[in-house]
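> Take this structure first; my questions come after.
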Amino acid sequence: MLLASPAVRAAAVRRGRLLNRLTIGWNALEGIVAVAAGLAAGSVSLVGFGLDSGIEVSAAVILAWRLAQERRQGCTQAADRRATRAIAVSFFALAAYVGVESTRDLLSRSEPEASISGIVLAALSLVVMPVLARAKRKVAPVLGSRAAASEANQTSLCALLSAVLLVGLVANAALGWWWADPAAGLGIAALAGVEGVRTWRAESLADTCCD
């Protein structure tokens with residue numbers, strides 16, 4: 001595959017930085033609202049979703065560092081690899097925390113309250129996240145960056161988590177299925193763990209600009 005011209009790469013870097021800013025802004029707001037609503041309702045899945053938003057912000061910051069490295073030094077495999085591993089660790093941290101908390105709530109039969117604000121937030125995220133993820137996936141091959149591809153995968157995961165969360169919250173609110181919330185939390189933990197392993201094992205893209 002032919003490498004992108006310097007002008008095309010520069011445009012991709014600019015677009016990547018813009019998408020990062022949008023990701024950071026949206027997920028910071030999403031995370032604050034989700035954690036606050038989750039704590040108020042006693043919903044482990046909603047709190048876990050909020051923490052995932054925080055991790056998404058950290059992944060975007062890591063990728064911003066990766067793009068800054070390219071602007072200063074040119075694309076480097078070492079920087080890309082460190083950024084990718086850091087994103088993988090964030091997945092593992094989320095999986096561990098939400099998995100433990102969800103299991104504890106199931107065993108203790110902790111019944112969360114219905115959260116209308118959480119349902120609205122999950123529905124909005126289900127609309128916004130796929131759009132951002134598609135845009136990021138278009139930029140990653142031009143950059144030849146596995147870190148950018150991994151961060152796009154994390155945004156896709158956020159969209160999937162939104163769907164899982166929405167099902168759990170609606171089942172709890174409409175049907176009184178208290179167990180649906182921690183079950184959704186376990187789903188979130190499992191997806192995060194799988195994506196963490198996939199990201200950790202990822203190799204550099206075939207069309208990377210790096211040697």
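> Return yes when Ala135 is closer than 19 Å to Leu22 by Cβ and at pLDDT below 85 and no when it is not.
Against the criterion (closer than 19 Å to Leu22 by Cβ and at pLDDT below 85), Ala135 does not qualify.
> Does Leu186 fit the bill of being in contact (Cβ under 8 Å) with a residue 60 or more places away in the chain, crowded, with 24+ Cβ neighbours inside 10 Å and touching a Gly at 6+ places or on another chain (Cβ under 8 Å)?
Considered against the rule, which asks whether it is in contact (Cβ under 8 Å) with a residue 60 or more places away in the chain, crowded, with 24+ Cβ neighbours inside 10 Å and touching a Gly at 6+ places or on another chain (Cβ under 8 Å), Leu186 comes out as no.
> If a residue must be of a type in the set (A, V, I, L, M), within 22 Å of Trp178 (Cβ to Cβ) and under 10 Å from the mean Cα position of the chain (by Cα), how many such residues does segment 40-58 contain?
Qualifying residue count for the region: 1.
> Filter segment 108-132 for residues that are under 17 Å from Ala174 (Cα atoms) and charged (D, E, K, R); which is modelled with the highest pLDDT?
Here the residue is Glu113.
> Next up: What pairs come out if I take residues in segment 45-62 that are closer than 20 Å to Ala135 by Cα and pair them with residues that are acidic (Asp, Glu) and in a helix (DSSP H, G or I) whose C-beta lies under 9 Å away, six or more apart or interchain?
Ser53/Glu30; Glu56/Glu30; Glu56/Glu151; Ala59/Glu151; Ala60/Glu151; Ile62/Glu151
> Further, regarding this structure: Name the pairs: first residue in segment 1-27 and at pLDDT below 85, second residue of a type in the set (Asp, Glu), Cβ to Cβ under 6 Å, at least 6 apart or on different chains?
Pairs that qualify, where the first residue is at pLDDT below 85 and the partner is of a type in the set (Asp, Glu), are Met1/Asp207.
> Across segment 155-173, which residue is nearest to the chain's Cα centre (by Cα) among those that are crowded, with 23+ Cβ neighbours inside 10 Å and over 15 Å from Gly50 (Cβ atoms)?
Thr155
The values are calculated or read from the model by the stated rules, or taken from the named source; none is laboratory data. Model, not experiment: these values are computed from the prediction. Note that each Cβ is placed from the backbone with ideal geometry, even for glycine, and that neighbours are counted across all protein chains shown.
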